[in-house]
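We did not get these values from a lab; they are worked out from the coordinates using the rules stated. Bear in mind the structure is a predicted one, so any value in this text is a computation, not a measurement. Cβ coordinates were reconstructed from backbone atoms using ideal geometry, including for glycine residues, and neighbour counts include every protein chain displayed.
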Amino acid sequence: MNDNIRGEPTVYLNGDWLPLSEAKVSVLDRGFIFGDGIYEVLPVYQRKPFRLQSHLTRLQRSLTAIRIRPPMAEAQWAELFDNLIQRNESDDQFLYLQVTRGVAKRDHGFPNPEVPPTVFAMSSPFQRPSATLRNAGVAVVSLPDERWLHCDIKSTSLLGNVLARQSAIDRGAPEAVMFRDGFLTEGSASNIWMVRDGALHAPLKNHLILEGIRYGLLQELAEQHQIPVHIRRIRQQELTQADELLMTSATKEVLPIVTLDQRPVGRGPHAGKPGPIYAKIRQAYDQLIDAL
Ligand SMILES: Cc1ncc(COP(=O)(O)O)c(C=O)c1O
């Protein structure tokens, strides 16, 4: 029952279903003027959202954090997502949802009286990471984390992330790994994991990183496979001695990082190649998707 209008993706904007090119918001939208909004990205496999409840919980948390009254209850968001999935063509999709503080005369303070938030949702075909990419792995470069102190909010104000990603691209790497005061935070659009002596290590869940939905998921998968997990502050130098490095995000799923600043990650036969802990986690992740 997909009703792609003129072969374009069908999107949702403030109660209407439209072809993407017809979805328009005012230039006074606070998302446009101030980056005053939050977003979610969730993967859909075979038309089934993956880890929906975790995304809904994080959505609620982001709205609360920036003091936007939730425009919908959880069941309504779920229905909206379901509708969006059915109205679009691909079986594998990723959904993008953005909620901003709405349209108002430009003023830094919140609109008073309150205005309705702008709600926009779209779906894109999801090309899962290819076998070639999974086998080849990803190159990353180290960068200072120059973002604000509320990276735990999934805010649309992403200038710090955008500039970090572009610096990485300028240096020939698809992702940046960021450090604040000498400690690992995260990637420009991913969480970063270190493997050492058979254990997974991840930075603390605090205001300095976004708690990815795959952050909790990897912990679960590691537990199921008897891989110890250590959540702690990780010094920048430790990454140069890692056995493996991994990155996770909704669209990259889980990928091995094979070079850090052009040096191979790991030692021995796995140097510069995906390692055994990656292989285990990857397999477990795929099994979850297959079981959907
Ligand atoms: C800064 C940042 N950290 C972490 C993540 C991973 O989060 P998730 O696993 O929910 O995609 C993302 C996702 O885009 C991100 O932008």
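Report the trypsin sites (Lys or Arg not before Pro) located in the range 78-136 that are in a DSSP loop and have at most 15 other Cβ atoms inside 10 Å of their Cβ, or state none. Could you put the intermediate results ahead of the total?
Numbers: sites: Arg87, Arg101, Lys105, Arg106, Arg134; in loops: Arg101, Lys105, Arg106.
For trypsin sites (Lys or Arg not before Pro) across the range 78-136 that sit outside H, G, I, E and B with at most 15 neighbouring Cβ atoms in 10 Å, the list reads Lys105, Arg106.
Helix-only mean residue ellipticity at 222 nm, the chain, DSSP H runs n ≥ 4 weighted -39,500 (n - 2.57), per residue, nearest 500. What is it? Don't jump to the answer; show the numbers that get you there.
On the way: 7 runs with 78 residues, N = 292.
Helix contribution divided over all residues of the chain: -8000 deg cm²/dmol.
Using the Cα centre of the chain as origin and beta-carbon charges of +1 (Lys, Arg) and -1 (Asp, Glu), tell me which of Ala131, Phe81, Ile33 is placed farthest towards the positive end of the dipole.
Of Ala131, Phe81, Ile33, it is Ile33.
Helix 52-65 sits at what angle to the longest principal axis of the chain, using alpha carbons and giving 0 to 90 degrees rounded to 10?
70
Cα centroid distance between the range 59-112 and the range 153-228, in Å?
When both Cα centres are located, 24 Å separates them.
Stick to Cα atoms and the Kirkwood definition of Rh, then tell me Rg/Rh for the range 90-164.
Values: Rg = 18.0 Å, Rh = 16.5 Å.
Answer for the range 90-164: 1.09.
Please compute the Cα-Cα pair-distance distribution of the chain with 10 Å bins starting at 0, giving whole percents from short to long.
Percent of pairs per bin, in order: 6, 26, 33, 24, 10, 1, 0.
Taking GluC sites (Glu not before Pro) that fall in a DSSP loop and have at most 13 other Cβ atoms within 10 Å as cut points, what is the longest piece of the chain between them? Display every interim value, and only then the final one.
Details: sites that count: Glu89, Glu114, Glu146.
Result for the longest clean stretch: 147-292.
Taking the Cα atoms only, what angle lies between the long axis of helix 159-170 and the longest principal axis of the chain, rounded to 10 degrees?
The helix 159-170 is inclined about 50 degrees to the chain.
Obtain the nm distance between the two label points defined at Asp91 and Glu223 by a simple spin-label model: each point lies 7 Å from its Cα along the Cα-to-C-beta direction.
Between Asp91 and Glu223, the label points sit 3.2 nm apart.
Output the 0 to 90 degree angle, nearest 10, between the alpha-carbon long axis of helix 74-87 and the longest principal axis computed from the alpha carbons of the chain.
90
Could you give me D for the range 5-125, from Stokes-Einstein at 4 °C and 1.567 mPa s, where the hydrodynamic radius is the Kirkwood radius over C-alpha pairs? Units µm² s⁻¹, please. Working shown, then result.
On the way: Rh = 14.9 Å.
In µm²/s, the coefficient is 87.
Find how much the distance from Gln283 to Ala75 grows on full extension, using 0.36 nm per residue of separation minus their present alpha carbon separation; answer in nm with one decimal.
71.7 nm
Just round it to a whole percent: the fraction of Cα-Cα distances in the range 172-292 exceeding 21 Å. Kindly include the intermediate steps, with their values, before the conclusion.
Values: 2324 of 7260 pairs.
For the range 172-292, the fraction of Cα-Cα distances above 21 Å is 32 percent.
Find the Cα radius of gyration of the range 127-189, compare it with 2.2 N^0.38 Å by division, and give the number to two decimals.
Dividing the Cα radius of gyration by 2.2 N^0.38 Å gives 1.20.
Expressed in nm², what is the orientationally averaged projection area of the convex hull enclosing the Cα positions of the range 110-233?
On the way: hull surface 42.7 nm².
If you wrap the Cα atoms of the range 110-233 in a convex hull and average its projections, you get 10.7 nm².
Gaussian network model of the chain, Cα springs within a sub-10 Å range: biggest mean-square fluctuation belongs to which of Ser130, Ser188, Ser249?
Its mean-square fluctuation being the largest, the pick is Ser130.
Pulled fully out, how much extra length does the chain show between Thr240 and Ser130, if you take 0.36 nm times their separation in residues and subtract their Cα-Cα distance? Walk me through the numbers before you get to the answer.
On the way: separation 110, 0.36 × 110 = 39.60 nm, distance 2.68 nm.
Computed gain between Thr240 and Ser130 is 36.9 nm.
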